[in-house]
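The structure appears below as structure tokens.
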């Protein structure tokens, strides 16, 4: 039985978009989906199901950080049969060529968290995106002519770091950006035999010391949302043909 998602069986689609901010989940549901039904408001972590171009899609807030993401991703897969999870979130760019509002496709997610080291007995695990969803995202951005960056990101346990220059170590090794959830999303999807992808919009530049407003973070990521929805639609439609 789910503890944090108050949905009934069948209320959640097999493909779920996961913003960190529950108000972004509401914004997506109200502005892109039709025939919308709200299935969750436990702890204010809103979840909705609706239709996008004829395919049934859900959008569920995950909260901030890997522990919160782990709770919601696990319950979606374990108790509601979710097959595909697409994170739509913000990130901080670590590379000078990546500007505010640009799109990043997270191929893999390193971490400074101890969650996976605990899980794997002190060993390191390479958390990676699902190729099926990644290739669909690549197809969508190329078809639409959307500028993007694809590569490794960092999922961090800390937002306010005691060492403000520590990110430069990651940057020197080609890491594109930092966020706080994708590593556990990828790890848990692999653990449950499901698919996962993180699509990220650059909200901050650590290099240029610039950032978007809170309002922009909540409502200004239209391009990312539309790419994610199209990836979800294609994946859902493909899965339906093979059932």
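The values are calculated or read from the model by the stated rules, or taken from the named source; none is laboratory data. Source: prediction; values computed, not measured. FYI the Cβ positions are ideal-geometry reconstructions off the backbone, even for glycines, and counts take in every protein chain you see.
Here's the yes/no breakdown for (1) in contact with a strand residue (DSSP E or B) (Cβ under 7 Å, 6 or more places away or on another chain); (2) surrounded by 15 or more Cβ atoms within 10 Å (Cβ to Cβ); (3) more than 28 Å from residue 151 (Cα to Cα):
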| position | (1), (2), (3) |
| --- | --- |
| 50 | yes, yes, yes |
| 60 | yes, yes, no |
| 63 | no, yes, no |
| 86 | yes, yes, no |
| 123 | no, no, no |
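Take residue 147 and tell me if it is in contact with a strand residue (DSSP E or B) (Cβ under 8 Å, 6 or more places away or on another chain) and surrounded by fewer than 20 Cβ atoms within 10 Å (Cβ to Cβ).
Numbers: in contact with a strand residue (DSSP E or B) (Cβ under 8 Å, 6 or more places away or on another chain): yes; surrounded by fewer than 20 Cβ atoms within 10 Å (Cβ to Cβ): yes.
So residue 147 passes the test.
Restricting the search to the range 25-39, which residues are touching a helix residue (DSSP H, G or I) at 6+ places or on another chain (Cβ under 8 Å) and under 20 Å from residue 227 (Cα atoms)?
Passing the criteria: 27, 28, 32, 36.
Report whether or not residue 7 is more than 24 Å from residue 166 (Cβ to Cβ), more than 12 Å from the chain's Cα centre (by Cα) and either at pLDDT 95 or above or assigned to a loop (DSSP other than H, G, I, E, B) (or both).
So residue 7 fits the description; yes.
Taking the conditions exactly as written (modelled with pLDDT under 95 and closer than 22 Å to residue 221 by Cα), does residue 101 satisfy them or not?
Details: modelled with pLDDT under 95: yes; closer than 22 Å to residue 221 by Cα: yes.
So residue 101 fits the description; yes.
Listed here are the residues, each with its yes/no results for (1) surrounded by fewer than 23 Cβ atoms within 10 Å (Cβ to Cβ); (2) within 22 Å of residue 70 (Cα to Cα); (3) under 16 Å from the mean Cα position of the chain (by Cα).
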residue	(1), (2), (3)
158	yes, yes, no
166	yes, no, no
186	no, yes, yes
191	yes, yes, no
212	yes, no, no
222	yes, no, yes
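Considering only the range 14-35, I want to know if a residue exists there that is assigned to a helix (DSSP H, G or I), touching a residue at least 12 places away in the same chain (Cβ under 8 Å) and at positive phi.
Within the range 14-35, not a single residue is assigned to a helix (DSSP H, G or I), touching a residue at least 12 places away in the same chain (Cβ under 8 Å) and at positive phi.
Out of curiosity, is residue 139 modelled with pLDDT of 95 or more, crowded, with 20+ Cβ neighbours inside 10 Å and within 24 Å of residue 33 (Cα to Cα)?
no
Having 2 or more residues that are within 20 Å of residue 127 (Cβ to Cβ) is the bar; report the helices (runs of 4 or more DSSP H) wholly within the range 139-243 that clear it.
Where helices (runs of 4 or more DSSP H) fall fully within the range 139-243 and carry at least 2 residues being within 20 Å of residue 127 (Cβ to Cβ), they are 167-172, 182-191, 222-242.
Go through the range 73-84 and count every residue that is in contact with a strand residue (DSSP E or B) (Cβ under 9 Å, 6 or more places away or on another chain) and farther than 22 Å from residue 131 by Cα.
Number satisfying all stated conditions: 1.
Is it true that residue 144 is over 17 Å from the mean Cα position of the chain (by Cα) and in contact (Cβ under 8 Å) with a residue 24 or more places away in the chain?
It is true that residue 144 is over 17 Å from the mean Cα position of the chain (by Cα) and in contact (Cβ under 8 Å) with a residue 24 or more places away in the chain.
For the range 158-172, check the following and say yes or no: at least one residue is more than 26 Å from residue 79 (Cβ to Cβ), in contact with a helix residue (DSSP H, G or I) (Cβ under 8 Å, 6 or more places away or on another chain) and modelled with pLDDT under 95.
Yes, there is a match, as at least one residue in the range 158-172 is more than 26 Å from residue 79 (Cβ to Cβ), in contact with a helix residue (DSSP H, G or I) (Cβ under 8 Å, 6 or more places away or on another chain) and modelled with pLDDT under 95.
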